[in-house]
Amino acid sequence: MLLHIKYDYKYLKIMYIIISIKMEEIDIIKKENEELKNKVQELEERLKKYTNGENHKRYYEKNKEKIKEQGTNYLKKLKEENPAKLKEYRRNYYMKKKERINNIKPVNDENKSN
């Protein structure tokens, strides 16, 4: 019986060491996770500055006509040089529009039945 107690004590001591090591690893991983979350948040804030900034909006408001003109010129050029590409663009637009309409209809049908 005394041997059994010693065995249990050694076993418990080993288990305690293993658990403490695992807990340290978990703490390290948690710290890394928090650092990465903070870095992601910081980078997202920096990205907002470039993607949805006020300068971006103001530029498009000031140059609306110029941008529309560039778009129409591009379509004219594309129509002359590569009509197959234009046809592909229009087909993709039609397919996406059709998909959006099909996604909206079931939602409306569900609302009517409820």
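Helix content alone sets the calculated 222 nm mean residue ellipticity of the chain: runs of n ≥ 4 DSSP H residues at -39500 (n - 2.57) each, divided across all residues, give -34000 deg cm²/dmol.
The Cβ shell under 13 Å around LEU86 holds other residues with a net charge of +4, Lys and Arg each +1, Asp and Glu each -1. If you wrap the tightest convex hull around every Cα atom of segment 66-109 and split its volume per residue, you get 65 Å³. Computed over Cα pairs, the Kirkwood radius of segment 1-53 leads via Stokes-Einstein (1.306 mPa s, 10 °C) to a diffusion coefficient of 108 µm² per second. Take the Cβ atoms of TYR9 and LYS39, set R0 to 35 Å, and the FRET efficiency comes out at 0.20.
For the pair segment 7-50 / segment 60-80, the C-alpha centres are spaced 52 Å from each other.
Radius of gyration over Kirkwood radius for the chain, both on Cα atoms: the Rg/Rh ratio is 1.42.
If you run the Gaussian network model on the chain, springs between alpha carbon atoms under 10 Å, then out of TYR60, TYR11, TYR93 the most flexible one is TYR11.
All of the numbers you see were taken from the coordinates with simple rules; none came from a lab. It should be emphasised that the depicted structure is a prediction, and the values quoted were computed from it without experimental measurement. Every residue, glycine as well, gets a Cβ built from its backbone with ideal geometry; the counts of neighbours run over all protein chains shown.
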